[in-house]
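Inspection log for the structure reproduced underneath, given as structure tokens.
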Amino acid sequence: MPANKRVLVTGSSRGIGKAIADRLKEEGYEVVTHAVKSPDADLHFDIANREEAKRVLEEEVEKNGPFFGIVLNAGVNADNAFPAMEDHEWDRVIDTDLDGFYNVLKPLVMPMVSARIRGRIIAISSVSGVVGNRGQVNYSAAKAGMIGAVKALSVELARRGITVNAVAPGVIETEMIDSIIPEAIDEVKKAIPMRRFGKAEEIAATVSFLMSEGAAYITRQVINVNGGMV
Ligand code: NDP
């Protein structure tokens, strides 16, 4: 466990983010939780809103110091077949899932570097960004973009001892997958060799490993946690 144990988990009010925050807290990290609407969080801002993210995060670092770990988990989807996709569906997903990477990390990386923290940056991408999913052209683009950003940033920060990795979950049981129509559930499960959806705790276990001292030499990677989908 590093001396500075402060970790920010974005979107940790529910779902995968909450499981990650709970797991890291159990392990003794000082977890700062975040959400946009849910009241139970330490920080509130919309990751798509650059000015708001900058203001809240700069204030947080000013008050409590730089982070050791940053888990970029907050994200949205707005699925639609491409011909029917609305401009607002494209924009919302790109603005949140891809711009969110920049908006959250930009105010936090320099303080981490300046304090010589050999920290951890972990972005929650998706199998959709690895293989491309029907009905998710916007989401696949944003999540694949995130992987490119992770790989480039990892090279920039490697000499500082800061690792940057992506975790790409498959289909995980959270509110996000409530949008799958019940009749399609069996069809979706057939695409998963393990024939079941993943649990948020199974993503949290991978994040916990990447956060640990033992993962100090793992950087620029995409860790797939998907029951064998790819
Ligand atoms: P949920 O919808 O259950 O939770 C999303 C979280 O992100 C909430 O805490 C929510 O806060 C926060 N959030 C959403 N939009 C914003 C925003 N604009 N600004 C700040 N916070 C925001 O999602 P999951 O737990 O299912 O997914 C978490 C991550 O994992 C996402 O990035 C998702 O793309 C990815 N993922 C999920 C998969 C799945 O099958 N569930 C599969 C692959 C990847 P609030 O409560 O305030 O709304």
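The residue list Arg159, Arg116, Arg120 contains one member that is without any contact (Cβ under 8 Å) to a residue 12 or more places away in the chain and within 23 Å of Val7 (Cβ to Cβ), which is Arg159.
Of all residues in the range 63-75, none are touching a helix residue (DSSP H, G or I) at 6+ places or on another chain (Cβ under 9 Å) and among the charged types (D, E, K, R). Among the residues making up the range 146-173, none is more than 9 Å from the ligand (Cβ to nearest atom), open to solvent by 20 Å² or more (accessible area, probe 1.4 Å) and in a loop (DSSP other than H, G, I, E, B).
Taking only pairs six or more apart or across chains, which ones have beta-carbon atoms under 6 Å, a first residue in the range 19-39 that is farther than 13 Å from Phe68 by Cβ, and a second residue that is within 14 Å of the ligand (Cβ to nearest atom) and of a type in the set (Asp, Glu)? If the second residue must be within 14 Å of the ligand (Cβ to nearest atom) and of a type in the set (Asp, Glu), the pairs left are Ala19/Glu201; Thr33/Asp42; Val36/Asp46. For the range 174-190, filtered to residues that are open to solvent by 60 Å² or more (accessible area, probe 1.4 Å) and hydrophobic (A, V, I, L, M, F, W, C), the residue that is farthest from Ala78 (Cα to Cα) is Ile181.
Taken over the range 29-48, the residue count meeting the criterion of being among the polar types (S, T, N, Q) and either more than 8 Å from the ligand (Cβ to nearest atom) or touching a strand residue (DSSP E or B) at 6+ places or on another chain (Cβ under 7 Å) (or both) is 1.
Being part of a loop (DSSP other than H, G, I, E, B) and in contact with an Asp or Glu (Cβ under 7 Å, 6 or more places away or on another chain) is the filter here; which residues of the range 3-18 pass it? Answer for the range 3-18, where residues must be part of a loop (DSSP other than H, G, I, E, B) and in contact with an Asp or Glu (Cβ under 7 Å, 6 or more places away or on another chain): Lys5, Ser13, Arg14. Only a single item in (1) away from the ligand (no atom under 14 Å from the Cβ); (2) farther than 19 Å from Ile124 by Cα is not met by Lys25, and it is number (2).
The values are calculated or read from the model by the stated rules, or taken from the named source; none is laboratory data. Computed from a predicted model, the values in this text were never measured in an experiment. Neighbour counts are summed over all protein chains in view; Cβ atoms, including those assigned to glycine, are modelled from backbone coordinates with ideal geometry. Each accessible area value is taken on the protein alone, full model and side chains, heavy atoms only, with ligands, DNA and RNA left out. Shrake-Rupley method; radii C 1.70, N 1.55, O 1.52, S 1.80 Å.
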